[in-house]
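Everything below concerns the one structure shown next.
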């Protein structure tokens with residue numbers, strides 16, 4: 001009984017983490033297209049030509065996680081892709097010498113999506 005409860009709690013946690021990641025990336029993706037903050041950030045990174053592509057990939061990744069609730073391989077692909085995207089984003093932050101506080105969100109989302117990807121792979 002205790003093992004079943006633990007598995008249920010882990011499944012709920014995974015669901016909410018997937019939902020959090022999906023909503024975050026849908027928001028970030030849309031913001032890359034319409035938000036002046038992201039426009040100025042990509043200029044600061046020296047990568048303004050990648051803003052719309054990044055926004056598109058974030059939007060597709062977030063939606064992929066949501067649709068992955070109905071077809072699990074889509075969540076695996078989406079979390080893997082978002083992990084790579086955020087790892088690259090973290091690398092950019094290191095390259096331009098951002099502070100730990102400025103760099104933390106990209107590392108957090110990399111770690112979150114890597115964790116979710118590995119968790120989903122175990123279930124598959």
*From the residues in segment 78-87 that are surrounded by 20 or more Cβ atoms within 10 Å (Cβ to Cβ) and either within 18 Å of residue 14 (Cβ to Cβ) or in contact (Cβ under 8 Å) with a residue 60 or more places away in the chain (or both), which one is farthest from the chain's Cα centre (by Cα)?*
78
_Every residue in segment 65-77 that is within 12 Å of the chain's Cα centre (by Cα) and free of Cβ contacts under 8 Å to residues at least 40 places away in the same chain, please._
77
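Can you spot a residue in segment 88-102 that is in contact (Cβ under 8 Å) with a residue 60 or more places away in the chain, in contact with a helix residue (DSSP H, G or I) (Cβ under 7 Å, 6 or more places away or on another chain) and either surrounded by 13 or more Cβ atoms within 10 Å (Cβ to Cβ) or farther than 20 Å from residue 14 by Cβ (or both)?
Restricting attention to segment 88-102, the residues satisfying the condition of being in contact (Cβ under 8 Å) with a residue 60 or more places away in the chain are none.
No, the conditions are met nowhere in segment 88-102.
Could you pull out the residue among 25, 56 that is surrounded by 15 or more Cβ atoms within 10 Å (Cβ to Cβ) and either farther than 19 Å from residue 124 by Cβ or out of contact with any helix residue (DSSP H, G or I) (no Cβ under 6 Å at 6 or more places or on another chain) (or both)?
Numbers: 56 fails: surrounded by 15 or more Cβ atoms within 10 Å (Cβ to Cβ).
After applying the criteria, what remains is 25.
Listed residues 110, 50, 38; which is free of Cβ contacts under 8 Å to residues at least 60 places away in the same chain, crowded, with 17+ Cβ neighbours inside 10 Å, in contact with a helix residue (DSSP H, G or I) (Cβ under 9 Å, 6 or more places away or on another chain) and more than 20 Å from residue 14 (Cα to Cα)? Let's see the steps before the verdict.
Values: 110 fails: more than 20 Å from residue 14 (Cα to Cα); 50 fails: crowded, with 17+ Cβ neighbours inside 10 Å.
Of 110, 50, 38, the one residue that is free of Cβ contacts under 8 Å to residues at least 60 places away in the same chain, crowded, with 17+ Cβ neighbours inside 10 Å, in contact with a helix residue (DSSP H, G or I) (Cβ under 9 Å, 6 or more places away or on another chain) and more than 20 Å from residue 14 (Cα to Cα) is 38.
Quick note: the coordinates plus some simple rules give every number you see, no bench work behind them. Given the structure is predicted, the values throughout are model-derived calculations rather than measurements. Please note: Cβ atoms are built from the backbone with ideal geometry, for glycine as well, and neighbour counts cover all protein chains shown.
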